[in-house]
1. For the subset of the stretch C:59-99 comprising residues that are surrounded by fewer than 13 Cβ atoms within 10 Å (Cβ to Cβ) and basic (Lys, Arg), which member is farthest from the other protein chains (Cβ to nearest Cβ)?
2. Would you check which residues across the stretch A:24-58 are farther than 21 Å from B:VAL14 by Cβ, surrounded by fewer than 24 Cβ atoms within 10 Å (Cβ to Cβ) and more than 8 Å from every other protein chain (Cβ to nearest Cβ) and list them?
3. Please determine whether any residue of the stretch A:236-255 is within 13 Å of another protein chain (Cβ to nearest Cβ), free of Cβ contacts under 8 Å to residues at least 40 places away in the same chain and either of a type outside the set (Val, Ile, Thr) or touching a Phe, Trp or Tyr at 6+ places or on another chain (Cβ under 7 Å) (or both).
4. Please list, ordered by first then second residue, the pairs with beta carbon atoms under 6 Å, 6 or more apart or interchain, first in the stretch B:9-33 and more than 7 Å from every other protein chain (Cβ to nearest Cβ) and closer than 21 Å to A:ASN2 by Cβ, second charged (D, E, K, R) and in a helix (DSSP H, G or I).
5. Which number in (1) surrounded by 16 or more Cβ atoms within 10 Å (Cβ to Cβ); (2) in a helix (DSSP H, G or I); (3) touching a residue at least 40 places away in the same chain (Cβ under 8 Å) marks the one condition that C:ALA32 misses?
Amino acid sequence: MNLLLDGLLVLALLWSAWRALASPDLARAVVLFIVFGLLMALAWARLNAPDIALAEAAIGAGLTGALLLDALGRLQPGTGAPAPESPAQPPANRAGRRWTGSVALVAGLLAAALAYALFQLPAPTVRLPEQVAANMAASGVDHPVTAVLLNFRGYDTLLEVAVLLIALIGLLTLGPAAGRPAAPGPANPLLKALARLLVPLMILSAGYLLWAGAHRPGGAFQAGALLAAAAVLLHLAQLLPAWASPGRLLRLGLAGGFLIFLGVAAALLAEGALLTYPPAQAGGLILLIEAGLTVSLGLILAGLFLLFAGAEERP
Amino acid sequence: MTGLEAPLALFLLVNLLAALVRAARGPTAADRMLAALLFGSTGVGMLLLLAYAGGGAPLVDAALVLALLAAIAGVAFAQRAWHRDREGGDDA
Amino acid sequence: MLEALSALLLLAGAGFYLAGTVGLLRFPDVYARLHALTKADNLGLGLTVLGLALQADSLAAALKLLLIWPLALAASATVSHAIARRAAGLGLKPWRPEEKRP
């Protein structure tokens, strides 16, 4: 029974991924990408990885879908923007085919080499799950995934947050000139009512996930994604204007989580290795970092949608 | 646990596979989007069933998040993405 | 007893999910398909949630399950309204029985 479920899931994943990539029609590709995200969340649930299932449900199925659909709307004609033609099909001449063939050959060789290298790897000498379990008492939290993310390998998470922040800075450097005018769509009173109903619950759930992260699946990334989704929903319901340019407060909010993380790391340098918490304070410090990250990640992810989204509102 | 949860989850997955046909065929962009929305509501049900089929309580949280966010993509579609009633370049 | 009721609700829920999918595949136009999606599928979800809530270990777990349903109802009602409105705005004609099916 379970084998059948997993097999079908894998087939559906492969099919939707392939169609999303191969479809010449962008609208269909975006829809299939959303479908792929939902199937991926189910796959993580089947793989006993509820942390990633949560993140995938929030980011893959919700936020990314909205971002891609918004981008799609700006690419289409009828928005007042100079309409780009539908993506040019490469002419199916012999040179083009040879080009495709050589790319496929190189990619295939690379994949084969990677697979070979993977099978040549020696058996790991350190049993990581046991190591994590043995050190849980000193981690300050009860949930192994959170312990790994923010304590044992906290520096990975620190750098990940830095990457997200840099991505947003990259967006800022593009500036409003890069944005095509968005069609805000007709005002819809029902939508405003929905936003007023859902947004408080989203913020509540974000707080719950942040708190839950200490002892069960949840944490800053999932909570931040929920906050960002709340901001996007408010914006789509025309209750929250686009961010024309980040003011001082917003800049502080965007960078704050990373700065808190960095500050804690700097303050603890005397402990020896990077981000080695004293066991007595570990729980509190992790909660502090996660709270900062929740707000900042929420703002960063929302910023990807909201920054310069209102470029057309200026004359 | 009634023992029905896992078979019903499988049944819902088969439903999803059938709905993929609508996502692939269209004909309007909205029809495809409807299939994605169906994936959302059925996905919530599947996550709940999987949670009670031994997946554990955290999957209920995942279902809750999915239910909270299911509206976002649909709203973004209706408000931002859909400008034409027929799409060009349909090769289904 | 409770278990039998739970099983019954879950089975009924799956039936409505099936009806929703069949509707999505067989109904002739966007407006009709919206009905399949928002009515049948959400009833399926509601029955599933009820059936599982009967099995919940604690009141809190049952209430969390029951919270999901109104959220999904509100969300899908609004989304389907927005999509139907957009479809009407784009000039899509609702399907009429006397026309030939495509």
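Just so it is clear, none of the values below were taken in a lab; they were calculated from the coordinates. Please read all numbers here as calculations on a predicted model, not as lab measurements. A quick note on method: Cβ atoms are made from the backbone with ideal geometry, for glycine too, and the neighbour counts reach across all protein chains shown.
1. Among them, the one singled out is C:ARG96.
2. Within the stretch A:24-58, A:LEU26, A:ALA29, A:PHE33, A:ALA49, A:ILE52, A:ALA55 qualify.
3. Within the stretch A:236-255, not a single residue is within 13 Å of another protein chain (Cβ to nearest Cβ), free of Cβ contacts under 8 Å to residues at least 40 places away in the same chain and either of a type outside the set (Val, Ile, Thr) or touching a Phe, Trp or Tyr at 6+ places or on another chain (Cβ under 7 Å) (or both).
4. Listed by first residue and then by second, the contacts come to nothing, as the list is empty.
5. Of the numbered conditions (1) surrounded by 16 or more Cβ atoms within 10 Å (Cβ to Cβ); (2) in a helix (DSSP H, G or I); (3) touching a residue at least 40 places away in the same chain (Cβ under 8 Å), the odd one out for C:ALA32 is (1).
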